[in-house]
Amino acid sequence: MRILWMGAAALALTLPAAAQTLGGEVEKQMPSLMAIYKDLHANPELSFMEVRSAGILAAEARKLGFKVTEKVGGTGIVAVMENGPGPVVLVRADMDGLPVTEQTGLVGASKVRVTTKEGVETGVMHACGHDTHMTAWVGVARLMAANKAKWSGTLVMIGQPAEERGAGARMMLADGLYTRFPKPQYALAFHDAAQFPAGKIGYTPGYALANVDSVDILVKGLGGHGAYPQTTKDPIVLASRIVTTLQTLVSRETSPLDSAVVTVGSFHAGAKHNIISDEARLQLTVRSYTDEVRSHLLDGIARIAKGEAIAAGMPEDKMPVVSVDKNEYTPSTFNTPDFTEEMAAFLKTSFGDDRVVQMPPVMGGEDFSRFGREDKNIKSLIVWVGGVPQAEYDAAKKEGRTLPSLHSPFWAPDAPAVISTATEALTAMTMKLMAKK
Ligand SMILES: [Zn+2]
Ligand SMILES: [Zn+2]
């Protein structure tokens, strides 16, 4: 059995002199922050149900003198600290766990089980590491409160629900995040990273994460006996053609210089060998960076589905039904390029060049994007904080082994390294933006 709680003390020793002060303050907070982390890790809550987690963040912020409002956009919380004239800076942590049964075998692993609204019994796990996000959020709140004399401005710290459903940011904004509370000039967040070593900070100027759309296609057919296909319209053959033609959307219709993904992740039809069914159902994930590519892909899916149905001789009233789930759409994340470069250069001065590295964009999604998209004047940045224990990372590289990704039941970040690095990096950036002139 491996030990989960290690690493933070070792990291602190390697910090350059410039970061000693803040790093030292973080170090003092670590035992108490790790107690919060262990609690959050052992008690994960699914999207829209983050009541206990939100309560912990709210209570911590209240103790520090923040003005806290709960139930913003469902279970979201907003903690505001007004500290004189200056910019408004938003710092966000997401709070939801996933319907994943933890299999790390570690001390402190989640044993929580729930029955979802859909009636599925499942384990619940912070398999995306949002427990590290919440814990570092508490760390930032404490350090900002303790250093009030050094900054001037308004700090808006939010605990966001339902990131995994692509819904929480939208719901908080719809519930008046930017009208009932001070609207930020800057928005900051981090995400733990499962593909690089613990304690490293990754940044991506410009597009960092993708537009994510979920699309359902109901392909209608005319069912009948498998031995008399001429009396039917086979939806399996038609849906197969649709799947094949969809491949040309990316390979033939999208510029090779633009990024796009069309994946058919689910294909269901039929019940028996000798029956031609009367429908097939497809589920797709569709990803892109720009709005233009996104609408081309979505329009193209509808066009191809209809075109193939016409080619198969389907009557007008049996055209495929294509639905895009607007509630689970996550817009692409765009890190304001000049702001990102400026913050990265600043982080390098405290963490050193080898701990702050530029990362390529990925096709995953993050609804943090919405906080920056709301207004073009908001400068927004989400950084990665590496979570793979260094020894584990080195061994996997040597053996050519794939590391567990985020959302894996085996994802076990070096939590102290992630939390201490993220707390320090987010606090340093926030204080820099609100430094007393
Ligand atoms: Zn996730
Ligand atoms: Zn996540």
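The values are calculated or read from the model by the stated rules, or taken from the named source; none is laboratory data. Note that this is a predicted model, so its numbers are computed, not measured. Because the Cβ atoms are built from the backbone with ideal geometry, glycine has one as well, and the counts that use them run over all protein chains shown. Only protein heavy atoms, including side chains, enter the accessible area calculation; ligands, DNA and RNA are left aside. Shrake-Rupley method; radii C 1.70, N 1.55, O 1.52, S 1.80 Å.
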Residue set 398, 376; condition modelled with pLDDT under 95, loosely packed, with under 15 Cβ neighbours inside 10 Å, more than 16 Å from ligand 1 (Cβ to nearest atom) and charged (D, E, K, R); output residue 376
Filtering the stretch 77-88 for residues that are open to solvent by 20 Å² or more (accessible area, probe 1.4 Å) and within 16 Å of residue 372 (Cβ to Cβ) leaves a count of 1
Here the residues within the stretch 321-345 that are closer than 30 Å to residue 356 by Cβ and open to solvent by 60 Å² or more (accessible area, probe 1.4 Å) are 334, 338, 341, 342
Scan the stretch 138-158 and give yes if some residue there is outside any helix (DSSP H, G or I), within 16 Å of ligand 1 (Cβ to nearest atom), closer than 15 Å to residue 370 by Cβ and open to solvent by less than 20 Å² (accessible area, probe 1.4 Å), otherwise no. no
Taking the stretch 388-429 and the residues there that are without any contact (Cβ under 8 Å) to a residue 40 or more places away in the chain and part of a loop (DSSP other than H, G, I, E, B), the one that is nearest to the chain's Cα centre (by Cα) would be 402
Those residues of the stretch 405-435 which are farther than 19 Å from residue 187 by Cα and surrounded by fewer than 23 Cβ atoms within 10 Å (Cβ to Cβ) amount to 405, 406, 407, 408, 409, 410
When every residue in the stretch 89-124 that is charged (D, E, K, R) and away from ligand 1 (no atom under 14 Å from the Cβ) is compared, the one least open to solvent (accessible area, probe 1.4 Å) is 92
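Does the stretch 211-228 include one or more residues that are β-branched (Val, Ile, Thr), outside any strand (DSSP E or B) and within 30 Å of residue 126 (Cβ to Cβ)? Give the derivation first.
So the first thing to find is which residues in the stretch 211-228 are β-branched (Val, Ile, Thr), and the list is 212, 215, 217, 219.
Still in the running and outside any strand (DSSP E or B): none.
No, every residue in the stretch 211-228 fails to be β-branched (Val, Ile, Thr), outside any strand (DSSP E or B) and within 30 Å of residue 126 (Cβ to Cβ).
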Checking 193, 127 in turn, the sole residue that is within 16 Å of ligand 1 (Cβ to nearest atom), of a type in the set (A, V, I, L, M, F, W, C) and in a loop (DSSP other than H, G, I, E, B) turns out to be 127
One residue is enough: does the stretch 278-289 have a residue meeting the conditions aliphatic (A, V, I, L, M) and open to solvent by 50 Å² or more (accessible area, probe 1.4 Å)? no
Of the residues in the stretch 350-380, those that are under 16 Å from residue 170 (Cα atoms) and within 16 Å of ligand 2 (Cβ to nearest atom) number 7
Scanning the stretch 159-190 for residues that are within 12 Å of ligand 2 (Cβ to nearest atom) and in a loop (DSSP other than H, G, I, E, B) gives 162, 166
### Message
Residue under question is residue 206, and the condition is that it be closer than 30 Å to residue 268 by Cβ and touching a Ser or Thr at 6+ places or on another chain (Cβ under 9 Å); does it hold?
### Response
no
When you scan the stretch 91-100, do you find a residue that is part of a strand (DSSP E or B), within 16 Å of ligand 2 (Cβ to nearest atom) and of a type in the set (Asp, Glu), even just one? yes
- Query: Can you find a residue in the stretch 308-320 that is part of a strand (DSSP E or B) and open to solvent by 50 Å² or more (accessible area, probe 1.4 Å)?
  - Reply: no
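Select from the stretch 58-71 the residues that are in a strand (DSSP E or B) and closer than 16 Å to residue 134 by Cβ and write down the one among them that is least open to solvent (accessible area, probe 1.4 Å).
68
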**Asked** In this structure, is residue 361 touching a Phe, Trp or Tyr at 6+ places or on another chain (Cβ under 7 Å) and under 24 Å from residue 189 (Cα atoms)?
**Response** yes
Taking the stretch 261-294 and keeping residues of a type in the set (Phe, Trp, Tyr) and over 21 Å from the mean Cα position of the chain (by Cα) leaves 267
